[in-house]
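Asks: Take this structure, written in structure tokens, and hold onto it; I'll ask about it next.
The values are calculated or read from the model by the stated rules, or taken from the named source; none is laboratory data. Treat the numbers as computed from the prediction; the structure is a model and nothing was measured. Ideal geometry is used to build each Cβ from the backbone, glycine not excepted, and the neighbour counts take in all protein chains shown. Each accessible area value is taken on the protein alone, full model and side chains, heavy atoms only, with ligands, DNA and RNA left out. Shrake-Rupley method; radii C 1.70, N 1.55, O 1.52, S 1.80 Å.
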Amino acid sequence: MATTWTRFRRWTRSDSASGLLLVSPAALFALALLAVPLAAVVAFSFWSQDYLEIDRTFTWANYRAAVTEPIYRELMLRSVLISGAVTIATVVLAFPLAYFISFKVADRHKALWIFLVTIPFWTSYLIRAFLWKVILGFNGVLNTSLQTLGLIDEPLSFILYNPNAVVITLAHAFAPFAILPIFVSLERIDRSLLEAARDLGESRFGAFWRVTFPLALPGVVAAALIVFIPTIGDYVTPRLVGGPDGLMIANMIQTQFLRLNNAPMGATLAVIAMLVVSAISLVFVALSRQWSGPR
């Protein structure tokens with residue numbers, strides 16, 4: 001007993017004990033606010049509900065309904081496609097700007113450019129969504145401007161209350177989240193490697209494709225995941241600018257919880273959405289590692 005107590009006293013004075021003590025508050029905080037609610041959602045998905053009564057009998061009925069009902073499959077597929085389109089559009093538009101700030105802007109001005117990139121964070125996400133609704137509306141800024149210039153005879157009807165409007169609004173909202181990790185990744189690239197590639201006969205495009213882009217790929221992957229994961233669970237933007245054809249799986253989850261009073265079904269759809277997002281993210285990361293490996 002004395003030996004055990006002595007070992008315990010020695011361990012409490014060790015670096016590992018000090019490290020565990022430092023991370024314990026954050027770990028307990030994450031456990032209380034993340035793991036416990038997630039476990040509650042998973043538990044709810046195996047129950048059933050009759051108005052206000054929760055039946056805690058284990059059942060797979062919710063998952064069978066989620067897989068077999070066409071509306072749930074359609075919403076899930078639409079969510080993946082819209083989030084994928086938003087991710088591609090955001091990363092494609094963010095990379096040139098991040099590249100310009102990293103390689104073309106003087107060091108003393110880079111902080112100012114990053115400050116300008118973060119300006120959209122100063123306004124509410126909801127306000128930005130409403131502004132895009134005004135811009136893309138039937139009599140909105142875009143249609144009015146095009147008609148004034150004589151480029152169109154009547155307002156365009158395909159830019160609002162459909163998936164196109166959702167992609168545009170979300171791509172604008174999440175652009176800073178994509179620019180920043182790509183910029184950080186580009187800043188870490190040793191410029192002498194590019195000079196060496198040019199000295200060895202590579203063109204500017206060849207040096208970019210064989211040196212810059214592979215080294216910046218971790219930032220691109222991080223940006224893609226940062227955009228893809230939250231956008232597939234967005235329900236505010238589809239509700240405001242998506243119309244009936246632009247609703248996503250998160251809108252159905254909200255409906256199940258708040259309108260249909262069917263928390264188990266909403267929890268089931270949330271769990272399935274998390275599994276789908278996790279699977280796609282893991283496949284994407286694996287493919288990016290394979291692509292960025294030795295060639």
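Asks: List every residue pair whose Cβ atoms sit under 6 Å apart, with the two residues 6 or more apart in sequence or on different chains, where the first one lies in the range 47-63 and is under 14 Å from A267 (Cβ atoms) and the second, anywhere, is open to solvent by 100 Å² or more (accessible area, probe 1.4 Å) and modelled with pLDDT of 85 or more.
Replies: Close Cβ pairs satisfying both conditions: W47/R56.
Asks: Same structure again: Given (1) surrounded by fewer than 17 Cβ atoms within 10 Å (Cβ to Cβ); (2) of a type in the set (S, T, Y); (3) closer than 30 Å to G219 by Cα, where does T90 come up short, assuming only one miss?
Replies: (1)
Asks: Can you tell me how many residues within the range 34-52 are at pLDDT 85 or above and charged (D, E, K, R)?
Replies: Of the residues in the range 34-52, 0 are at pLDDT 85 or above and charged (D, E, K, R).
Asks: While we're on this one: Please enumerate the residues belonging to the range 247-271 that are open to solvent by 40 Å² or more (accessible area, probe 1.4 Å) and within 22 Å of the chain's Cα centre (by Cα).
Replies: L247, Q254, listed by residue number.
Asks: Looking at (1) assigned to a helix (DSSP H, G or I); (2) open to solvent by 30 Å² or more (accessible area, probe 1.4 Å); (3) touching a helix residue (DSSP H, G or I) at 6+ places or on another chain (Cβ under 6 Å), find the lone condition where V285 falls short.
Replies: With respect to (1) assigned to a helix (DSSP H, G or I); (2) open to solvent by 30 Å² or more (accessible area, probe 1.4 Å); (3) touching a helix residue (DSSP H, G or I) at 6+ places or on another chain (Cβ under 6 Å), V285 is out only on (3).
Asks: Mind checking which residues of the range 149-182 are over 18 Å from V91 (Cα atoms) and open to solvent by less than 70 Å² (accessible area, probe 1.4 Å)? Can you show your working first?
Replies: Of the residues in the range 149-182, the ones over 18 Å from V91 (Cα atoms) are 149-163.
Matches in the range 149-182: G150, I152, P155, L156, I159, L160, N162, P163.
Asks: Would it be correct to say that L31 is open to solvent by less than 100 Å² (accessible area, probe 1.4 Å) and modelled with pLDDT of 85 or more?
Replies: Spelling it out, it is not the case that L31 is open to solvent by less than 100 Å² (accessible area, probe 1.4 Å) and modelled with pLDDT of 85 or more.
Asks: Is one or more of the residues making up the range 114-123 closer than 23 Å to I88 by Cα, at pLDDT below 85 and among the hydrophobic types (A, V, I, L, M, F, W, C)?
Replies: Narrowing the range 114-123 to residues closer than 23 Å to I88 by Cα: 114, 116-121.
Filter once more, so that each one left must be at pLDDT below 85: 120-121.
Those left that are additionally among the hydrophobic types (A, V, I, L, M, F, W, C): 121.
Yes; the residues of the range 114-123 include at least one that is closer than 23 Å to I88 by Cα, at pLDDT below 85 and among the hydrophobic types (A, V, I, L, M, F, W, C).
Asks: Please verify whether I71 is open to solvent by 60 Å² or more (accessible area, probe 1.4 Å), under 29 Å from F284 (Cβ atoms) and out of contact with any strand residue (DSSP E or B) (no Cβ under 7 Å at 6 or more places or on another chain), treating the condition exactly as stated.
Replies: On the way: open to solvent by 60 Å² or more (accessible area, probe 1.4 Å): yes; under 29 Å from F284 (Cβ atoms): yes; out of contact with any strand residue (DSSP E or B) (no Cβ under 7 Å at 6 or more places or on another chain): yes.
For I71, the condition - open to solvent by 60 Å² or more (accessible area, probe 1.4 Å), under 29 Å from F284 (Cβ atoms) and out of contact with any strand residue (DSSP E or B) (no Cβ under 7 Å at 6 or more places or on another chain) - is met.
Asks: Ok, one more. Within the range 184-232, how many residues are modelled with pLDDT under 90, assigned to a loop (DSSP other than H, G, I, E, B) and either touching a Pro at 6+ places or on another chain (Cβ under 6 Å) or surrounded by 13 or more Cβ atoms within 10 Å (Cβ to Cβ) (or both)?
Replies: Total meeting the criteria: 1.
Asks: So, of the residues in the range 101-112 that are part of a helix (DSSP H, G or I) and either polar (S, T, N, Q) or open to solvent by less than 90 Å² (accessible area, probe 1.4 Å) (or both), which turns out to be farthest from P181 (Cα to Cα)?
Replies: Let us first name the residues in the range 101-112 that are part of a helix (DSSP H, G or I), namely 101-104, 107-112.
Filter once more, so that each one left must be either polar (S, T, N, Q) or open to solvent by less than 90 Å² (accessible area, probe 1.4 Å) (or both): 101-103, 109-111.
Working: I101: 12, S102: 12, F103: 15, H109: 18, K110: 14, A111: 15 Å.
Only one residue tops the list, namely H109.
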